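The values are calculated or read from the model by the stated rules, or taken from the named source; none is laboratory data. Remember, it's a predicted structure, so these values are computed and weren't measured experimentally. As a convention, Cβ positions derive from the backbone with ideal geometry for all residues, glycine included, and neighbour counts pool all protein chains shown. Note: areas computed on protein heavy atoms with side chains; ligands, DNA, RNA excluded. Shrake-Rupley method; radii C 1.70, N 1.55, O 1.52, S 1.80 Å.
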Amino acid sequence: MKLKLSIKDKTVTAAMKVKLSKLVTMQLQKYVLNIRTVELQIDDMTSRQHGLIKQCRLKLQLPGLPSIMLKAKGNNTLQAIKRALENGQKILAQKYAIAH
């Protein structure tokens, strides 16, 4: 499973990439063999009610199945990523019919 990470207006350090890689593998550990690539793209968004929020776009490339694309929002980067991974986990469970 490869991880592609891009954050708008921020440099991605090696430590940040390692930490996020561990988070992604922990969240999706049941499906590691069924995922080719995980792409995370994080952008800043402005909201009328909450001001500046983060949006995480998650793309999971699966062998033999169409790719899964998700969006999740959060107050900070970590919260947005965790929400996107949780939603991705639910969709993967439906696709592969693995009980939790």
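Side notes on the structure shown:
- Label-to-label distance, nm, for residues given as N75 and L3 (7 Å Cα→Cβ offset): 2.4 nm
- Positive minus negative residues near A93 (Lys, Arg vs Asp, Glu; Cβ under 13 Å): +2
- Apolar share of the accessible surface for the chain: 51 percent from carbon plus sulfur atoms, 1.4 Å probe.
- Relative contact order, percent, the chain [alpha-carbon distance under 8 Å, six or more residues apart]: 22 percent
- Principal-axis tilt of helix 14-27 within the chain, Cα atoms, nearest 10 degrees: 50 degrees
- Each of T11 and A97 was given a label point 7 Å from its Cα along the Cα-to-Cβ line. The distance between the two points is 5.0 nm.
- Counting DSSP beta bridges with both ends in the chain, the antiparallel % (nearest 5): 75 percent
- By a 1.4 Å probe calculation restricted to protein chains, M26 has an accessible surface near 130 Å², given to the nearest 10.
- Accessible surface, 1.4 Å probe, highest first, among residues D43, D9: D9, D43
- Hits among lysines - C-alpha to C-alpha of K54 under 20 Å, sequence gap 8 or more where chains match: K4, K8, K10, K17, K19, K71, K73, K82
- Note on Q89 and K30: the model spin-label points, each 7 Å out from Cα along the C-beta direction, lie 0.9 nm apart.
- Binned Cα-Cα distances of the chain, short to long, each 5 Å bin given as a whole percent: 3, 13, 24, 25, 17, 10, 6, 2, 0
- Nearest-10 value in Å² for the accessible area of T13, using the 1.4 Å probe: 70 Å²
- The order of Y31, Y96 by accessible area, most exposed first and with a 1.4 Å probe, is Y96, Y31.
- In this structure the chain gives 66 Å² per residue of accessible area when probed at 1.4 Å with all protein chains present.
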